[in-house]
Amino acid sequence: MKAINTPLNESDQKVSLFIQEELKRQETHLELIASENFASRAVMEAQGSVLTNKYAEGLPKKRYYGGCEHIDAIETLAIERAKKLFNASWANVQPHSGAQANFAVFLSLLKPGDKIMGMDLSHGGHLTHGSPVNVSGKWFETCHYEVDKDTETLDMNKIREQALRTRPKLIICGYSAYPRTIDFQAFRAIADEVNAFLLADIAHIAGLVATGIHPSPIPYCDVVTTTTHKTLRGPRGGLILCRDEDFGKQFDKAVFPGTQGGPLEHVIAAKAVAFEEALQPQFTTYTNQIVKNAKALAKQIQSRGISVVSKGTDNHIVLLDLRSINMTGKVADQLISEVNITANKNTVPFDPESPFVTSGLRLGSAALTTRGLIESDFEEIANIIADILLHTDKIEIKDKAKLRVKNLCNTHPLYRESF
Ligand SMILES: *Cc1c(COP(=O)(O)O)cnc(C)c1O
């Protein structure tokens, strides 16, 4: 048994070394995974704090354990900041993740066998929106809407017709691979017409919503769930919001004791720090830049003859349709990873390939915008990717691409010191 005060690099050199190697990987690769970001040192400090030691089942001032006075202050701060950031009347900051937030909402609003309607996974939806491999697809009846084949965007008339036909109890909007703006008001009208609850899952676009770059679902949806670690740039976690305080109380119960045990108060403290960061004017500058960068990336990729789903983007996501160059997502993912660019293969709407192969490559601009990259850098990234995908047999191009990636990483350092 090591002394309680021994630092990690002395007490466990194996784990310490792997962490250092992961830091080096993050610094030396171009991170284009659309769901990732780089949390601030302050966020990580809160998350690595002594709060990890504390049990605090319940809510501030209503706990099942003693010694919660400081925990209460922290969680109350997180709740107040979340409400302010999203202009909501009620917030629960305890969900361990986006999936947990959705599960709590389902427990609260639905009975097993009720019908839910979300976007098809292969069109950009999320596993928790009724996929057969997820509890949402196992315990509820599901129907899925798709994007329009020509525009590759949501056709609200078709979704309305489908809702009238299928009569879901819950409609879910908000996605994992949809590059366009969501019309929450139009979803509200449909939900009202079929007497369904409306959930917006803004896991991806939360940072854009918080800063007004994407319209807010709060005025239109019964409940809003999100992660805190994607464009919101906080610790890995979930959040539930709504505009009705009384309605919110049932979600409190669904989180605890409904679906979770003790809250992760160290993560909640980190959420509080991230929410305060997101309330600063610089964060709006940041989210504006995210969208500018994604647009620059989409434009340049298309100018090189590679198609992009829906022909562009309104947010941080650019989804390449590789059918335009007769390549699969699996191959493209492998090729860019060989030059230290990280992204993920992804289905495109009406994809002829399986989810393990796919015809798409999903790129996101949030993480590299945190590193300070601007439009011209994203044009360079588009050119690197195009060079790699269009000249798969040329070793010189690959070697040069590695140097170009290295140059972008070196000129945009990530964390100033190691941890
Ligand atoms: C990422 C994501 C989630 C799940 O978040 P986890 O924290 O990974 O559980 C849920 N919904 C959508 C739309 C997402 O993109």
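Among residues of region 84-113 that are under 14 Å from K253 (Cβ atoms) and open to solvent by 10 Å² or more (accessible area, probe 1.4 Å), those with a beta-carbon under 8 Å from a residue that is assigned to a helix (DSSP H, G or I) and charged (D, E, K, R) at least six positions away or on a different chain give the pairs W90/K83; W90/E245; W90/K249; S108/K253.
Of all residues in region 242-272, those satisfying the criterion of being part of a helix (DSSP H, G or I), of a type outside the set (K, R) and closer than 12 Å to A91 by Cβ are E245, G248, F251, D252, V255, I268, A272. Screening Y178, Y145 for residues that are more than 14 Å from the ligand (Cβ to nearest atom) and crowded, with 19+ Cβ neighbours inside 10 Å leaves exactly one candidate, Y145.
Among the residues in region 62-80, are any under 16 Å from G258 (Cβ atoms) and away from the ligand (no atom under 16 Å from the Cβ)? Scanning region 62-80 turns up at least one residue that is under 16 Å from G258 (Cβ atoms) and away from the ligand (no atom under 16 Å from the Cβ).
Given the condition open to solvent by less than 10 Å² (accessible area, probe 1.4 Å), among the aliphatic types (A, V, I, L, M), away from the ligand (no atom under 16 Å from the Cβ) and in contact with a Leu (Cβ under 7 Å, 6 or more places away or on another chain), answer yes or no: does some residue in region 205-213 qualify? No.
Among the conditions (1) within 16 Å of the ligand (Cβ to nearest atom); (2) under 25 Å from I317 (Cα atoms); (3) open to solvent by 50 Å² or more (accessible area, probe 1.4 Å), the only one that L264 does not satisfy is (2).
Residues satisfying the criterion are absent from region 108-118 (criterion: within 14 Å of the ligand (Cβ to nearest atom), assigned to a helix (DSSP H, G or I), under 23 Å from the mean Cα position of the chain (by Cα) and not small (G, A, S)). Pairing residues of region 193-212 that are within 16 Å of F251 (Cβ to Cβ) and among the acidic types (D, E) with residues that are in a loop (DSSP other than H, G, I, E, B) and within 13 Å of the ligand (Cβ to nearest atom), at Cβ distances under 7 Å and at least 6 apart in sequence or on separate chains, gives D201/H126; D201/G174. Taking the criterion of being in contact (Cβ under 8 Å) with a residue 24 or more places away in the chain, hydrophobic (A, V, I, L, M, F, W, C) and farther than 9 Å from I384 by Cα, the residues of region 397-414 that qualify are L408, C409, L414. Just wondering, is there one or more residues in region 185-192 that are within 14 Å of the ligand (Cβ to nearest atom), open to solvent by less than 30 Å² (accessible area, probe 1.4 Å) and either over 25 Å from L32 (Cα atoms) or in contact (Cβ under 8 Å) with a residue 12 or more places away in the chain (or both)? Among the residues of region 185-192, not one is within 14 Å of the ligand (Cβ to nearest atom), open to solvent by less than 30 Å² (accessible area, probe 1.4 Å) and either over 25 Å from L32 (Cα atoms) or in contact (Cβ under 8 Å) with a residue 12 or more places away in the chain (or both), which makes the answer no.
So that you can scan it fast, the table gives a plain yes or no per residue for (1) charged (D, E, K, R); (2) in contact with a Ser or Thr (Cβ under 7 Å, 6 or more places away or on another chain); (3) over 25 Å from A82 (Cα atoms); (4) assigned to a loop (DSSP other than H, G, I, E, B):
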{"residue": "T128", "(1), (2), (3), (4)": "no, yes, no, no"}
{"residue": "L154", "(1), (2), (3), (4)": "no, no, yes, yes"}
{"residue": "K158", "(1), (2), (3), (4)": "yes, no, yes, no"}
{"residue": "E161", "(1), (2), (3), (4)": "yes, no, yes, no"}
{"residue": "L164", "(1), (2), (3), (4)": "no, no, yes, no"}
{"residue": "Y175", "(1), (2), (3), (4)": "no, no, no, yes"}
{"residue": "T181", "(1), (2), (3), (4)": "no, no, no, yes"}
{"residue": "I190", "(1), (2), (3), (4)": "no, no, yes, no"}
{"residue": "G207", "(1), (2), (3), (4)": "no, yes, no, no"}
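Of all residues in region 125-141, which are without any contact (Cβ under 8 Å) to a residue 60 or more places away in the chain, open to solvent by less than 60 Å² (accessible area, probe 1.4 Å) and within 15 Å of the ligand (Cβ to nearest atom)? Correct list: G125, G130, S131, N134, V135, S136, G137.
Reported count of residues in region 1-44, each being out of contact with any strand residue (DSSP E or B) (no Cβ under 9 Å at 6 or more places or on another chain), under 29 Å from H70 (Cβ atoms) and touching a residue at least 12 places away in the same chain (Cβ under 8 Å), is 7. If the condition is being assigned to a loop (DSSP other than H, G, I, E, B), within 13 Å of the ligand (Cβ to nearest atom) and farther than 13 Å from L199 by Cα, then region 217-239 contributes T228, H229, K230, T231, L232, G234, P235, R236, G237.
So that you can scan it fast, the table gives a plain yes or no per residue for (1) open to solvent by 40 Å² or more (accessible area, probe 1.4 Å); (2) acidic (D, E); (3) part of a loop (DSSP other than H, G, I, E, B); (4) in contact with a Lys or Arg (Cβ under 8 Å, 6 or more places away or on another chain):
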| position | (1), (2), (3), (4) |
| --- | --- |
| F38 | no, no, yes, yes |
| A42 | yes, no, no, no |
| L51 | no, no, no, no |
| Y55 | yes, no, yes, no |
| G67 | yes, no, yes, yes |
| A73 | yes, no, no, no |
| A78 | no, no, no, yes |
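In the set (1) within 16 Å of the ligand (Cβ to nearest atom); (2) free of Cβ contacts under 8 Å to residues at least 24 places away in the same chain, P281 fails one condition alone, (1).
The values are calculated or read from the model by the stated rules, or taken from the named source; none is laboratory data. As the structure is a prediction and not an experimental result, all values here were calculated from the model. FYI the Cβ positions are ideal-geometry reconstructions off the backbone, even for glycines, and counts take in every protein chain you see. To get the accessible areas, we keep the full protein, side chains included, count just its heavy atoms, and leave off ligands, DNA and RNA. Shrake-Rupley method; radii C 1.70, N 1.55, O 1.52, S 1.80 Å.
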